Amino acid sequence: MRHLSGLFTKTRVTALVLVLGAAFGPSAVVACGSSEKEETSVNVSAIVFESRAHTVIAENGEVSVNVAGGNGQVLDYTRYVPGAKLRVLSPPRPDGAVRNLIEAFPQADLNGFDVSFDAKQVVFSMKRDPNDRYHIYTVQLDTGEIHQKTGGDQNDITPIYLPGGRIAFATDQMYTPMGTRADEYNHSRQVTQLATISIDGGDADRRLASQNLSHSVSLFSRHNGKIGYSRWEHLGGVNDVKLFEAAPDGAQMTAIAGQHGKPSNSLVNVRELEPNVFIGIATNRSRTIHAGALVKIDARNHADPICMDAKILDKAGHACLDEENVQYELLTPEVPTGAGPSPVGRYRTPSALPDGRLLVSWADGAVNDLAEQSLTPPNFGIYMFDPATKKNQLIFDDRDMWDLNAMAVAPRPEPPVIGALTARAPDPGTPVRIGSVDITRTSLTDRVSGGMFGDGVPLNEALKAAVKVRVIEGFSSEAAKGVTMFGLTMDEGAAILGEADVNPDGSWLAEIPPYLPVHLQPIDKFGMSIRNQRLWIQGMPGEDRRCIGCHESRTQSVAARAGNPTVAEQRQAQQFLAPVSDRAEISWSLDRTKYPDAKPKAVVQDILNAKCASCHSGGANDPFAGKTYSVTQTTPGTGTTQQYTIPYLDLSEKPITVVYDRMVATYPSSYVSLFFPATLEMGMGMGAAPVGEVPPKWAIVNDARNSALIKKLNVKAPDGSFAYGNPAMHPEDKGVTLTDEERLQLVRAIDIGGQFYTRQNTGFVPFNDTRYAGQAYP
Amino acid sequence: MISKTTKLGLTVSTFASVAFACLSLFTPAAHGGPAEATGGAARMYPGIAPDQIEKLSSGDRIKTVTAQRGSMTAIWEALEEGEKVECLDCIPSVEPLMYDADPRTREIAAWWLRRRIFGVFGPGEVYERTIKRLSSDGNPKVRAYAAEALGEFLLAPGVEAVALAVEKDPEPTVRAAAASALGRLNDDGRDAITKALGDSDPRVKLAGLSSATRVNSFSDVSAVAKLLGDGDAKVRRRAAEALGSMNAKDSTAGLMALAKNDPDANVRNSAVHTLGMLRDPNARPVLEDVAKTDADSLVRDQAAIALRRL
């Protein structure tokens, strides 16, 4: 096998430019085009970049092109193609001298690197051969001496230097008793999390950060000594990539851009230009090889002149990061920020030169799925992009490889060292404190409707009705054996850690297990969610993650309503520290054949069987007896059809028609009856146009207050008031009584995501060996 | 990854590809507009901004891209965003993708199919056909892909089928695919992983090792430790790493022997790293020796780091 060498020539590029030029006119091509004849002056003595292979020719002449492997994800850490080079170009111009720092590893692939603050060393991620994993290495730029810093059965990628002699990176290391986080939405692939090592100690000083349910990738150094990174956020209907930061010890994970609008679905490959001003790539997560438009991201607090004055270095006491009002400037407006074909190529991995110009990787052509299968993969070369002229100037282009991630070899100021916000060697059993000073404080402008809020009220009004805050743990398929999905919902697995009391001053306080991703729902006196937080939050052992309100303004100081300490602090934090097996999970049903040993604590179907199914299972008392709708499958070619019938409302556990050998767990009629109408609405029924009367949306995930089922049942609060104004309650009107707790379970089941599966109804057991001994996940 | 055999005429095929690509610029393949892409999700998840909301495919788009069998990533995206698209008519065109040459296409096809309520799990439908293919198809590649698909389906009947394949299938690639599937199913298949570790073919052993570290209920450390003496360096290397993941403290002796004597530097590297993970003070003399004398500088690096962990 050999790597591609000299296979692709300029002919390819010329052909593409010619055709594109015909399509879009020459000006479009010229706008982002390159000029190899212009003299390049980068004003640094050298640059470093990685050249990654994409094409391999086997001994038998078979050509394999791997452009897209891994690009269905946010990152391509599994896209291994041998033959990468870590190159130094000095001087940085087309005729500069090139040397490969990893010459000794001809089978290697790279996955990110960084230049040290003193510009004497490079840290990089390398997979040395097909049977290796990506691990962290350093190389001295003067001597070429390479040292391995991490090893083992995991991938460590995209390293960056941190102040104080540490290195941060992303890893797919398994470190929960459930296994590596595995986003079910991402086909259960191992999720990458943040970790750090020391330069000297490598794995001996390895520390792991708290967890997200989806990938954390594309790390960059923050001016304040923190770790910046792109985070894939998947929580129910949310699916995007935002910018986050975390302290070097993994604490204080907070959004810095992208949570309140951005010009694309994903922000990746970001570097910080000056405090709270970034350069990065705006793109679509899929089909773009993570290439897109250059975007300048300004997250400064424009209302504070101190924050805007670059000459004032000491900004202590000023909230200079305004993540809620981030300004975006697309520097290359012709480049799509979606997945469509680009008329002018696409960019990757920008970084700043000392004079403000940008080093970028740029490839001509569509740079999306149109190029992935041809023998003309996009050709990324290194260019200097001048924001003033919008032109690229060629610095280096190996036409057989992707040249990426160029960085100047120039000293840069080392950010301040942030002391550990939590203990240096934290007891993993130490809880995290979460809470609010006053939950009614919010800068959000949502409206809340349904139930006690009728046609709708502003969120800040609705929050005054909050009596509790529901704390919901999230997990994915790593924690629910055999789960094919969590149900007819986009939501992940969920467990309620607890519902904290909101005190008269709006404060609440709770202690939860560390590391776990959670999200919050303020709830009204009927137990119904007022708002579903759409961002995972998490904390390190002993970390304090209290907020002011329910997403309050981050640039304004807000005092507690009745001064400090809050009522919640005076009353001590509520303890939500139950072990995994005792957490409040709401299982819809239990397949005793498949999971004979499972012992779920709360089963919705048990309530329905006892109180509802006698009238809602097609019998004589059933008002909807015999009423169904159907969807039909037609097999192309044969024209044969298969019809599936769905009951209008059947609350029994009778399995819906699909059964395989009585072994496959199927959904009971109750679950399909209640959630399928909303599913049809979500997919707009395409391809499965139902025949017959589709019932109302009995159950809408995350939205019990607008679900027809809950409206029909009605809910009575402890003060005697009714959620929907009138006192009519069902099934009490038919002589059957639902207890308050049973009613609340139905509300909760819908509000936390309408999941069918839990850990408890899938017989989950942690790893049964000692590999996590000493890691107390309460 | 896609593979195309090409002996000559690269320029012609290249230009053809480019021409196709550019033609496609003007004939976007059944892409929904923004409203179609988020409309249903926006109705069910109100209040989520357009840049954050889950996009949705349509049944028409799934059928179009899967029928064209052109762009891999377009297929992946259409199916991924079709998670909640109940499209019965799509099933016949998605099922063949479980046998596509591209492993990620196979994977996402099974991922999409297993999320269907109707049309997949009934008698004679996709799932049943997949089990039958694993047990009886004459083409070992089809059997291997069927085993992979059963792993992706994550359903209990698949455990029995792939466990049987690990034990009985005559083709090593099928046994390896079945052993990998057990890892996805998070099930040891009634000792099938142990059987895979004892297989004669290194590909099956490697697949078994990978699954051994992923299956919660697997704890047969001795079966993994035996592979420290395997004739294949790749197997020894992976076994050493697996013992670290399994926190197999009683395997120190075997790892020390590898660290000192294995002819393959990659094996020594992994053995030394695992000794550091296990933090057994008995390994100190060996690690000190390796840190000073090993011929490979990366092994010496790992030994120095391992010593700091003791």
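Quick note: the coordinates plus some simple rules give every number you see, no bench work behind them. Only a predicted model underlies this, so the values are computations on that prediction, with no experimental measurement involved. Here the Cβ positions follow ideal geometry from the backbone for every residue, glycine too, while neighbour counts run over all protein chains shown.
Just B:I117, B:I62, B:I48 to compare: in a GNM of chain B, with alpha carbon springs under 10 Å, which one fluctuates most?
Among B:I117, B:I62, B:I48, the largest GNM mean-square fluctuation belongs to B:I48.
Translational diffusion coefficient of the stretch A:88-144 at 25 °C, 0.890 mPa s, Stokes-Einstein with Kirkwood Rh over Cα pairs, in µm²/s as a whole number.
Here the translational diffusion coefficient equals 199 µm²/s.
What is the set of long-range amide H partners of A:K468 at a cut-off below 5 Å, with H atoms built 1.01 Å from backbone N?
A:V502, A:I523
Taking each residue in B:67-74, count the Cβ atoms of any other chain within 10 Å of its Cβ, then average. What number comes out?
The mean count of partner-chain Cβ atoms within 10 Å per residue comes to 6.
Need one number: nm distance between label points at A:E414 and A:K311, each 7 Å from Cα along Cα→Cβ, rounded to one decimal.
So the label points at A:E414 and A:K311 sit 2.9 nm apart.
Which of A:K464, B:K205, A:K85 has the fewest other C-beta atoms within 10 Å, and how do the rest follow up to the most?
Listed from fewest to most nearby Cβ atoms, that is A:K464, A:K85, B:K205.
Roughly how many debye, to the nearest 20, is the charge dipole of the protein assembly as shown about its Cα centre, given +1 on each Lys and Arg Cβ, -1 on each Asp and Glu Cβ, and no other charges?
Once rounded to the nearest 20, the dipole reads 440 debye.
Where the centroid of each part is defined by its Cα atoms, how far is the stretch A:182-251 from the stretch B:157-181 in Å?
35
Which FRET efficiency, nearest 0.05, do A:D427 and B:D250 yield, Cβ-Cβ r, R0 25 Å? Provide the component values of the computation, followed by the final result.
Working: r = 27 Å, r/R0 = 1.07.
The value I calculate is 0.40.
Mind checking A:287-296 for the average number of partner chain beta-carbons within 10 Å of each residue's beta-carbon?
Rounded to a whole number, the mean comes out at 1.
For q = 0.12, 0.24 Å⁻¹, what log10 I(q)/I(0) does the stretch B:216-296 give under the Debye formula with an equal point scatterer on each alpha carbon and no solvent?
-0.28, -1.10
Using only alpha carbon pairs under 8 Å that are at least six residues apart, calculate the relative contact order of the stretch A:462-550 and give it in whole percent. Working shown, then result.
On the way: 137 pairs, mean separation 30.5, N = 89.
Relative contact order comes out at 34 percent.
Which residues' amide hydrogens lie under 5 Å from the amide hydrogen of A:V432, considering only partners 5 or more residues apart or on another chain, with H built in the peptide plane?
For A:V432, the qualifying residues are A:I512, A:G542.
From the cross-link list A:K242/A:K296; A:K242/A:K315; A:K120/A:K242, which pairs have alpha carbons spaced over 20 Å apart?
In this structure, A:K242/A:K315; A:K120/A:K242 lie more than 20 Å apart at Cα.
For the stretch B:245-309, what is the relative contact order in percent, using Cα pairs closer than 8 Å and at least 6 residues apart in sequence?
Result for the stretch B:245-309 is 33 percent.
Rounded, prolate or oblate: which fits the protein assembly as shown when a ≥ b ≥ c are the square roots of the eigenvalues of the alpha-carbon gyration tensor, with rounded for a/c under 1.5 and prolate only if a/b beats b/c?
Note, shape of the protein assembly as shown comes out rounded.
Per residue of the stretch A:757-766, what does 6.51 cos²θ - 1.76 cosθ + 1.60 with θ = phi - 60° give for ³J(HN,Hα)? Whole Hz please, x for Gly and Pro, Karplus curve as stated.
Each residue of the stretch A:757-766 in turn: 9, 9, 5, 6, 9, 10, x, 4, 10, x Hz.
Which entries in the list B:K63/B:K84; A:K127/B:K249; B:K63/B:K141; A:K627/A:K716; A:K525/A:K697; A:K149/B:K226 go over 19 Å, if you measure between the two C-alpha atoms of each?
Table pairs above 19 Å Cα-Cα are A:K127/B:K249; B:K63/B:K141; A:K627/A:K716; A:K525/A:K697; A:K149/B:K226.
By a straight-distance test (C-alpha under 16 Å), which aspartates and glutamates pair with A:K611 as possible cross-link partners, with residues fewer than eight away in the same chain excluded?
Answer for A:K611, where 16 Å is the Cα cut-off: A:D622, A:D650, A:E653, A:E732, A:D733, A:D740, A:E741, A:E742, listed by chain and number.
Of the trypsin sites (Lys or Arg not before Pro) in the stretch A:93-161, which ones lie in a loop per DSSP and count no more than 16 other C-beta atoms within 10 Å?
A:K120
Work out the FRET efficiency for A:S630 and A:D606 from their Cβ-Cβ distance, taking R0 = 35 Å, and round it to the nearest 0.05.
0.75
Rank these for me by crowding, B:F218, A:F396, going from fewest to most other beta carbons within 10 Å.
Fewest-to-most ranking of B:F218, A:F396: A:F396, B:F218.
What relative contact order, as a whole-number percentage, does the stretch A:219-331 give when Cα pairs under 8 Å and 6 or more residues apart are counted?
20 percent.
Ignore the peptide's own chain and count Cβ atoms of other chains within 10 Å of each Cβ in A:357-370; give me the average, rounded.
Whole-number average of other-chain Cβ neighbours for A:357-370 is 3.
What FRET efficiency, computed as 1/(1 + (r/R0)^6) with R0 = 30 Å and r the Cβ-Cβ distance, is obtained for B:A295 and B:D232, rounded to the nearest 0.05?
0.90
Exposure proxy check: A:H215, B:H273, A:H318 ranked by fewest other beta carbons within 10 Å?
A:H318, A:H215, B:H273
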